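Structure first, then comments.
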Amino acid sequence: MRILVVEDDPALSKQIVEALGAGGYAADRAGDGEEGHFLGETEPYDAVVLDLGLPKVDGLTVLRRWRQAGVAVPVIILTARGAWHEKVEGIDAGADDYLTKPFRLEELLARVRALIRRSHGHAAPDLERGHLRVEMRTGRVTQNGEVVALTAHEYRVLVYLLMKRGQVATRTDLTEHIYAQDFDRDSNTIEVFVARLRKKLGDGLIETVRGFGYRIDPP
Ligand code: CA
């Protein structure tokens, strides 16, 4: 899962990106509304954290432009304390959730998890399939009750496929959703991650759909 953070306060932006990274997400940063708007319209994010007070183009305008262009990504807006009208305007402009500054990073992460879960139609907080369980809050993966150690990229591939259970994910989809933008991407590494996941979790979990990509369970 890959998140865009649009925030002009460099220290806060860095903290958010680091917290998202520790939470198992790939995260990109934009420091103004223009860059944020461009990235949100051209890259397939799973969620966006959008500050409203931004240089160049303000956050509300960015959000309205995305929604007018049909960009349906879940968006959490960051609003100033006491500015209740910002929340109303933000939600009317297409925001899915809001957080008032200052906030705890734990709360932001919880809201991101909930948004992504809902956008994929999952009701339960954890991802489960048979004896495999991924605790989204802690990133703990267990199979038959035993902890399975995964690298950050293996974890992201697994979570993406479980979120999209029943659907085929192409190698391009996986590449776009597990790496941050500045990462040196190579879609061949997806095969390596899938092979390692099969070794750790068994052959029966991830199916290769020839000519298309990978899938967990048929529709
Ligand atoms: Ca700001």
Out of (1) buried (at least 18 other Cβ atoms within 10 Å of the Cβ); (2) assigned to a loop (DSSP other than H, G, I, E, B); (3) β-branched (V, I, T), the odd one out for I76 is which? (2)
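Residue by residue, here is whether (1) of a type in the set (D, E, K, R); (2) surrounded by 17 or more Cβ atoms within 10 Å (Cβ to Cβ); (3) under 13 Å from the mean Cα position of the chain (by Cα); (4) farther than 30 Å from T138 by Cβ holds:
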{"residue": "G40", "(1), (2), (3), (4)": "no, yes, yes, no"}
{"residue": "E43", "(1), (2), (3), (4)": "yes, no, yes, no"}
{"residue": "A47", "(1), (2), (3), (4)": "no, yes, yes, no"}
{"residue": "K56", "(1), (2), (3), (4)": "yes, no, no, yes"}
Which listed residue, of E89, E18, is without any contact (Cβ under 8 Å) to a residue 12 or more places away in the chain, surrounded by fewer than 19 Cβ atoms within 10 Å (Cβ to Cβ) and away from the ligand (no atom under 14 Å from the Cβ): E18
Considering only the stretch 21-38, how many residues are open to solvent by 60 Å² or more (accessible area, probe 1.4 Å) and within 26 Å of G139 (Cα to Cα)? 2
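To keep it simple, each residue is scored yes or no on (1) open to solvent by less than 60 Å² (accessible area, probe 1.4 Å); (2) not acidic (D, E); (3) not in a loop (DSSP other than H, G, I, E, B).
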{"site": "Y155", "(1), (2), (3)": "yes, yes, yes"}
{"site": "T172", "(1), (2), (3)": "no, yes, yes"}
{"site": "D182", "(1), (2), (3)": "no, no, no"}
{"site": "I190", "(1), (2), (3)": "yes, yes, yes"}
{"site": "L197", "(1), (2), (3)": "yes, yes, yes"}
{"site": "G204", "(1), (2), (3)": "no, yes, no"}
{"site": "G211", "(1), (2), (3)": "no, yes, no"}
What's the number of the only condition in (1) within 14 Å of the ligand (Cβ to nearest atom); (2) more than 15 Å from the chain's Cα centre (by Cα); (3) not in a loop (DSSP other than H, G, I, E, B) that R67 fails to meet? (1)
Might you let me know whether the stretch 107-120 holds any residue that is open to solvent by 70 Å² or more (accessible area, probe 1.4 Å) and at pLDDT below 95? yes
Working only within the stretch 21-38, note down all residues that are assigned to a helix (DSSP H, G or I) and either within 16 Å of the ligand (Cβ to nearest atom) or within 15 Å of the chain's Cα centre (by Cα) (or both). G21, A22, G33, E34, E35, G36, H37
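The values are calculated or read from the model by the stated rules, or taken from the named source; none is laboratory data. Since the model is a prediction, treat every value here as computed from it, not as a measurement. In this analysis, Cβ positions are derived from the backbone assuming ideal geometry, glycine residues included, and neighbour counts consider all displayed protein chains. Heavy atoms of the whole protein, side chains included, go into the accessibility calculation; ligands, DNA and RNA do not. Shrake-Rupley method; radii C 1.70, N 1.55, O 1.52, S 1.80 Å.
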